[in-house]
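Okay, so here's the structure we're looking at.
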Amino acid sequence: MSLILPVLLAAASTMSGGLVRISSDRTYYDRKEGFACFTGKVSVEDPEYQLHADRAFVYMGETNDLKRIVALGNVAITNGTKRAYGAKATYQRENGVVVLRAGEDRSAEVREVDPDGDRVVRGKTIKFWTGSHQVEVLEAEISAPSKGSMDSVKGMLGR
């Protein structure tokens, strides 16, 4: 059963600046404390991206403006041909930073799907800034098709 909170829809202007739709099997919302907890088949639909996870916590300010989103467990973020996977993702609206973290059994990963071969960046932590092409990867492993080599990776990272 999917539940959507109209209050959160109005409050959750996120990365793209548009409204976001958040659904899950169960939702706990505490307006006084300014947070909501979504569990079970969490789906965040934004005009710019989609996020899926086992759980997500949404933190809001006094005027119900979005402050932070923390997604946990089997996190998948998609945007066009770009895909990101990890055990945990945190988005801080104030500075536009998304931090994707690895799990015990799998690296964090950003993948750009391409007919000539996917370009993949893996690491313990992948940090990227929305609205810019800046990316930081800790303990990085990068793979790209031999055709284009580093130009392919730069294209994936938006450079």
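Here the simple spin-label model places points 7 Å from the Cα toward Cβ, and for THR81 and ASP114 these points are separated by 0.7 nm.
For region 46-123, trypsin sites (Lys or Arg not before Pro) meeting the loop criterion (DSSP other than H, G, I, E, B) and having at most 12 other Cβ atoms within 10 Å: ARG106. Each listed q (0.19, 0.26 Å⁻¹) maps to a log10 I(q)/I(0) for region 21-97 from the Debye sum over equal C-alpha point scatterers, namely -0.79, -1.34. Using the Kirkwood formula on the Cα atoms of region 77-147, what hydrodynamic radius do you get, in angstrom to one decimal? About 12.5 Å for region 77-147. Using a probe of 1.4 Å, the accessible surface attributed to HIS133 totals some 110 Å² when neighbouring protein chains are kept in position.
Between ARG21 and SER143, the modelled label-to-label distance comes to 3.6 nm, taking each label 7 Å out from Cα in the direction of the beta carbon.
The values are calculated or read from the model by the stated rules, or taken from the named source; none is laboratory data. Remember, predicted model here, so these are calculated numbers, not experimental data. Heads up, the Cβs are rebuilt from the backbone with ideal geometry, glycines too, and the neighbour counts pull from every protein chain shown. SASA here: full protein model, heavy atoms, side chains in, ligands and nucleic acids out. Shrake-Rupley method; radii C 1.70, N 1.55, O 1.52, S 1.80 Å.
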